[in-house]
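Heads up, the thing below is written out as structure tokens.
The values are calculated or read from the model by the stated rules, or taken from the named source; none is laboratory data. Small disclaimer: the values here were computed from a predicted structure and weren't measured. Virtual Cβ from ideal backbone geometry, glycine too; neighbours counted across all protein chains shown. All accessible areas refer to the heavy atoms of the entire protein, side chains included, with ligands and DNA or RNA removed. Shrake-Rupley method; radii C 1.70, N 1.55, O 1.52, S 1.80 Å.
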Amino acid sequence: MLDELDRLPWTELTHAYGPAGDVPDLIRRVAGPDEEDALQSLYELRARILHQGNVCSATAPAVPFLAVLLNEPATTDPGGIAHLLGDMADIVDPDNPVLAALRSTVTAQVDRLLPLLAAAEPWTRLAAAYALGQCPERAGDILTALHGRWPVETDAHARGALVIAAATLDPATTLLAEAFAGDGPATVRAAAALAAARAPAPWPGDVAVAAVRAGWADGDPWLDRDEHEYGVEVGPYLWNWDPIEDLLDHLVPADQPAVVTALLASADPAVREKAARCGGGLVGRYRSVRRPMVQVLATALDDPAPAVREAAVWGLRRAGDATAVAADALAASVGRDDDLAAG
């Protein structure tokens, strides 16, 4: 199919940097035998046809040519291609005809994506699940495949991706309940919480908060970035840059304080700092969450990690009159920490 690349008027199309005449060469290099050049070419292609999430006239025409590479044994990074296709289909505004058409163009390649759920590399399986979750027009076939993969998937990140993709397509999926149940890996428990938050269904309350506590108990299992396993500057959580921010952003204000409380129980100070920082941001964003979140942040003023205490103080200072309920604790914390007092 790559032989047909030159039949398209690429020079009449555009990408982020101008005329798209270089797109055919980049696609051929993505398919080439030099692994380093293939990875670099895919990176450059993404920067051109989906620069910072922006779609251009060369984006959709590239999809069929990229999709044909997914199942070629010689392709260096089919997971990276699946990730790019998933990002293309992850439209923000379904009423925008250009974005809707792009999602349909990617959806037309579902039959090429489905076999990747059984690929040898966990990264490829994860990226395939992510991309398939963006194709609701084929939800029936995709859900059958996701459920079929669940009993045999052994990689925790790929297993979590199955849950998030399935819940995206069907909030009532049984995979979500199975991921919540028992004492599964932290990665999968966290994925269940993320899936429930993102799904267009009510947050399941205590069971989901328990999953948050278990999922982030020793760190953020979805934030690790390994350029050797997951590609340059790409972490296993493909749905957003930061998992905790994504989790909280998808919750209604009434559910946020309990989740921040669960995150503040983590043994990892980086998770606790992120929780306190996000909690403070929510204080400034939602008036209804201020008083309960102030009480949550006040508990972090005694945290052993200075960065956590600093984040809590920052958040409390954004609460205005609502800070009164924690005034004594805030004054004691600032008085104890010279670095906080200076800030």
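What to note about this one:
- Helix content alone sets the calculated 222 nm mean residue ellipticity of the chain: runs of n ≥ 4 DSSP H residues at -39500 (n - 2.57) each, divided across all residues, give -17000 deg cm²/dmol.
- About its Cα centre, the chain has a charge dipole of approximately 1200 debye under the convention of +1 per Lys or Arg Cβ and -1 per Asp or Glu Cβ, with nothing else charged.
- Annotation: per residue accessible area for region 137-239 equals 42 Å², rounded to a whole number [probe 1.4 Å, protein chains only].
- About its Cα centre, the dipole of region 1-112 is roughly 240 debye, where the only charges are +1 on Lys and Arg Cβ and -1 on Asp and Glu Cβ.
- Modelled this way, with points 7 Å down the Cα-to-C-beta line, the labels at Arg287 and Ala101 are 4.3 nm from one another.
- Peptides 96-104, 144-152, 215-223, ordered by how many other C-beta atoms sit within 10 Å of their residues on average, highest first, read 215-223, 144-152, 96-104.
- Amide N proximity, region 71-113 versus His51 label position 7 Å along Cα-to-Cβ, cut-off under 18 Å: 88
- Between the helical axis of 290-299 and the longest alpha-carbon principal axis of the chain there is an angle of about 80 degrees.
- Segment Glu4..Ala254, full-extension length gain: 84.6 nm, with 0.36 nm per residue of separation and the alpha-carbon distance subtracted.
- Both radii come from the Cα set of region 93-243: Rg as radius of gyration, Rh as Kirkwood radius; their ratio Rg/Rh reads 0.96.
- Ordering 11-19, 272-280, 240-248 by mean Cβ neighbour count within 10 Å, with the highest value first, yields 272-280, 240-248, 11-19.
- Projecting label points 7 angstrom from Cα along Cα→Cβ for Ala270 and Asp37 puts them 3.6 nm apart.
- Segment Asp302-Glu178, length gained on full extension (0.36 nm per residue, minus Cα span): 41.0 nm
- Computed from the Cβ-Cβ distance with R0 of 35 Å, the FRET efficiency linking Thr11 to Asp141 stands at 0.40.
- Between the alpha-carbon centres of region 3-64 and region 253-310 there is a gap of 43 Å.
- Using alpha-carbon coordinates, inclination of helix 122-132 to the longest axis of the chain, degrees: 90 degrees
- In terms of packing, defined here as the mean over residues of other Cβ atoms within 10 angstrom, the peptides 298-310, 71-83 line up highest first as 71-83, 298-310.
- Dipole of the chain, positive direction: furthest Cα of Ala298, Ala190, Thr59, with charges on the beta-carbon: Ala298
- Entry note, the chain: relative contact order of 8 percent, from Cα contacts under 8 Å with a spacing of 6+ residues.
- Region 145-267, dipole about Cα centre (Lys/Arg Cβ +1, Asp/Glu Cβ -1), debye to the nearest 20: 400 debye
- With the cut-off at under 16 Å, measuring from each backbone N in region 56-80 to a point 7 Å along the Cα-to-Cβ line of Asp93 picks out 56-57.
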